[in-house]
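Data block below; observations after.
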């Protein structure tokens, strides 16, 4: 976690620009980042830094003569009081023009209470609970919402013959969103939910839950666990307890089977069907270039949906800055944000003008072994899917 | 013959007067205390962009102070003190969310509820010492955390409480974006409670607490009702911790499970040790030192931060058991010794 | 119905054996020296990481990593004991807590630095993966292994405590240190040996637990609560108490998760508080 602050650049820049360049303000444009770089965020922090480094290498760090300065702060995990204080300090002390980052919903909500009165645009990179956007007119999101990604999976499950399912999810914002969305959608399609299990966030041993589900004899199960690795243990235990032998299909949120975690899960992940906004195998030149650049930066680790969210948030921020020729006005910024549509490594994305939330393809993937490597292969697509809960 | 004047015997001080002198001596203001409060007041003026940090330092200091009363004065080790902080925070938050947004009365209610919880716990632990006591406080703390986690409907679970609106103080001073109102509100409350705590420890009751710390078996032998004192100590410490929690909830307008976590309980212990156990001001100084360091070094990789804090703890416990205040005291003694030699 | 109950007992006992291995050392340490070692779960974590590194980076077979994990942990713990812990034996337990909390903090940070914060990948050999069919039931091979291997270790321990002179000396020292010392027994050396063995057990427990509960830097803190609960419920210094408490905890935990999954560890903590209230010194306390 570095401070991207180089006084020499600033001095040199001012010297050059002082030699008679054009319009007003030549101070740097400051982007304040609040993210979970500590272990509470898992590998997300590292991925964030890698993406920012490669992005600035590709697109440079100056727009219209103004340098883009990125100031990072660690919120330490789920800590809304910290996040709020950091946001206040970034705005008041560092005079940031915009904020970015945020993994956890409570932190995003807390930052929202600061962003709205101060009119600071916030570009959300990761937080996925649906209800963040409504009360915060200066926020826009570049990741996904749990609901957005889960509804297609429920539809797909029913389409492929699932009639009775058991649902298990982690007892926090995104988990509850995903789990209950799945239950509602699946039931709406005509399926039956045999039962649900709410798992505490720091659970490590899932064998009892698995046994309970197995005893109910469902056609399949739906899982939401966070991307930090508990999914690894879960899938391995499922295999150890004979879920494949019993013919119970596993459907899960893509968080469990991210590209970085698949090697740890190993064979237990084969056959799992997940939904996500991004797959490493997405067949586009932009994605292939992105992965190559990322792996070079990270020393071999592949990018995940978190990295893509970061990349697109920065693409958006740069577009917004360029469109305003370096003069940032918050309301004008949000006007531009509402019209954004561009190609991302995940596929085409757009920002919904009503909710400022992301509209994107949702992919159904199957995890399989290809060329000796575990990958998520896209087997179905729900194009330009909007979060249905936000259009009540 | 003239009568020999036998001088009247010097008046013997009554035990009341002797006690009065002792207390007057021990309750004189030490320069560290004056220095801290003056510095705190000055920093509010000098650092107008850091007001939220200053407020949070004072709140953390109050929490550490309440823990010092328990552990530094009464010698009751507890690894679950965050429970009272969290109870205070959630009380204030829920109160505000259900429409009672007046802040000062919110603090009172939080103090009372937290105090009752402290009383309840003291009834349970009053017959334990040492490891058993530590374990049960740890267990209760964890239990409360788990319950709060499950009771999503009330506490918001992992997502915490948000949307807490606090009415302006005295109907006039609204909570502003820069934190001006928040920091002065916090400063006044913490200072007042600090004075109250001082009064408590420099009183006969305070002496009794120290007696419990030094030799708990002897205390009943000199006629002090041990159980009763435990209960009072716990209740007061819990109430103060509750106020700290309520303050945090009010000025940040959020409450999260972290207010009940084991990390926070351990933090209380760390701060009191760093500052100096049993000195009251040590708790505040420890809080200030820790949080300022954390703020300045937060650029540093958080992994490294945890490592250095751990190392610091080990070093402190090896070499500097009196904490910062103890260290300062020893320095002064050393300087004076040098001066008197020359 | 019976199948469910059998499953719960089976799974619970496996978990309990694991907890026992991780806690046995602490029970003895606390009984012997009254030393509040909150870093004990960190020792277990170290054992886990040793095993994982040997398997993943050096390709060692799983079973071979177990004794090395135990030994490595024991050596590390012995060094800590010699250099740091022994200065604090007669000091207030608050300082012991501070010291060991500092060590835990440092170990979590070091482990994160070296191995990262993600769950460690681990692959069991085939004969320990998946399940084996016995009659109508699908028995998880790994849990079976845990019960058998762990049971063997437990038996050896109990035998050691009950029937060897070393065990007798330890029991004597737990009961009354001074009298034991006055009988000419070198209590210091006894303790060092007991500490060594206890830490080795913790390391073994940690290595065995990776496949069951995963391994990440937070292991040292996550399992600390369970380990402390086992030792406190069992009563300090009582190995048998720790065994009973660990098995009880394991079974209650699994049963709770099966029948009332939404309550999480609540049941464990509630149980602890209730038992402590009733028997403040643990179930098998040696007063």
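Do the sum for chain A: with -39,500 (n - 2.57) for every DSSP H run of n ≥ 4, divided by all residues, what is the mean residue ellipticity at 222 nm, to the nearest 500 deg cm²/dmol?
When only DSSP H runs of four or more count, the value is -12000 deg cm²/dmol.
On a 0 to 90 degree scale, rounded to 10, what angle separates helix A:305-323 from the longest Cα axis of chain A?
Around 30 degrees separate the two axes.
Taking the Cα of residue C:63, stepping 7 Å toward and past its beta carbon, and measuring to each backbone N in segment C:111-130: which are under 11 Å?
Correct set: C:127-128.
How many nm separate the modelled label positions at residue C:82 and residue B:336, each set 7 Å beyond the Cα in the direction of the Cβ?
Output for this residue pair reads 4.3 nm.
Given the DSSP H assignment, sum -39500 (n - 2.57) over each helix run of at least 4 residues in chain B and divide by its residue total; what's the result at 222 nm in deg cm²/dmol, nearest 500?
Estimated from H runs of four or more residues: -23500 deg cm²/dmol.
Peptide A:210-222: average number of partner chain Cβ atoms within 10 Å per residue?
Counting other chains' Cβ atoms within 10 Å and averaging over A:210-222 gives 2.
Please give the peptides B:106-112, A:101-107 ranked by average Cβ packing (other Cβ atoms within 10 Å per residue), highest first, as a rough proxy for protection.
Peptide ranking by packing, descending: A:101-107, B:106-112.
Full-extension gain between residue B:28 and residue B:4, please, as 0.36 nm times their residue separation minus the C-alpha to C-alpha distance.
Result: 4.3 nm gained on full extension.
Nearest 10 degrees, 0 to 90: what angle lies between the long axis of helix A:285-298 and the longest principal axis of chain A (Cα atoms)?
The angle comes out at about 80 degrees.
At q = 0.04, 0.07, 0.08, 0.10 Å⁻¹, what is the log10 ratio I(q)/I(0) for the protein assembly as shown, with the Debye formula run over Cα points and no solvent?
Evaluating at q = 0.04, 0.07, 0.08, 0.10 Å⁻¹ gives log10 I(q)/I(0) of -0.21, -0.64, -0.84, -1.29.
If the viscosity is 1.306 mPa s and the temperature 10 °C, what translational diffusion coefficient in µm²/s does Stokes-Einstein give for segment B:53-115 when Rh comes from Kirkwood over Cα pairs?
D, rounded to a whole number, is 125 µm²/s.
What distance in nm separates the two pseudo spin-label positions at residue A:323 and residue B:318, each 7 Å out from Cα along the beta-carbon direction?
Label-label distance for residue A:323 and residue B:318, simple model: 5.9 nm.
Along its three principal axes, how long is segment A:217-355 when you only count alpha carbons? Whole Å, largest extent first please.
61, 37, 24
Averaging the inverse of every distinct alpha carbon separation and then flipping it gives the Kirkwood radius. What is it for segment C:68-192, in angstrom units?
18.9 Å
Taking only Cα atoms and a 10 Å spring cutoff, compute GNM fluctuations for chain A and point out the largest among A:215, A:352, A:97.
A:215
Given a Förster distance of 56 angstrom, what is the FRET efficiency for residue B:294 paired with residue A:381, based on the Cβ-Cβ distance and rounded to 0.05?
Efficiency, from the Cβ-Cβ distance: 0.75.
Give me the inter-chain shielding for C:107-118: mean count of other chain Cβ atoms within 10 Å, whole number please.
6
To the nearest 10 degrees, how steeply does helix A:230-240 sit against the main Cα axis of chain A, on a 0 to 90 scale?
20 degrees
Where does chain A land on the Kirkwood hydrodynamic radius, alpha-carbon pairs, in angstrom?
Across chain A, the inverse of the average 1/r is 21.6 Å.
From zero up to wherever the largest Cα-Cα distance of segment B:29-301 sits, split into 5 Å bins and tell me the percent of pairs in each.
Result returned by the calculation: 1, 6, 13, 18, 19, 17, 13, 8, 4, 1, 0, 0.
On the principal axes of its Cα set, how long, how wide and how thick is segment C:1-117? Give whole Å, largest value first.
The Cα atoms of segment C:1-117 stretch 52, 37, 25 Å along their principal axes.
Using only the Cα atoms of segment B:135-185, each taken as one equal point scatterer with no solvent, compute I(q) by the Debye sum, divide by I(0), and report log10 of the ratio at q = 0.17, 0.24, 0.28, 0.30 Å⁻¹.
Each listed q corresponds, in turn, to -0.71, -0.81, -0.96, -1.05.
Using the scaling law 2.2 N^0.38 Å as the reference, what is the normalised Cα Rg of segment B:118-221?
Computed over Cα atoms of segment B:118-221, the ratio equals 1.57.
Mind giving me the nanometre distance, one decimal, between the label points for residue C:163 and residue C:4, set 7 Å out from Cα along Cα→Cβ?
Taking the two extended label points, one gets 4.1 nm.
Residues of B:119-126, mean number of Cβ from any other protein chain within 10 Å of their own Cβ, rounded to a whole number?
1
Per DSSP H run of n ≥ 4, the term is -39500 (n - 2.57); total these for chain C, divide by its residue number, and report the mean residue ellipticity at 222 nm rounded to 500 deg cm²/dmol.
-25500 deg cm²/dmol
Would you list the P(r) distribution for chain C, with all Cα-Cα distances sorted into 10 Å bins from 0 and each bin expressed as a whole %?
Reading upward from the zero bin: 7, 28, 36, 22, 6, 1.
None of the figures in this text is laboratory data; all of them are computed from the coordinates on show. This is a predicted model, so every value here is computed, not measured. Note: ideal-geometry Cβ built from the backbone for every residue, glycine included; neighbour counts use all protein chains shown.
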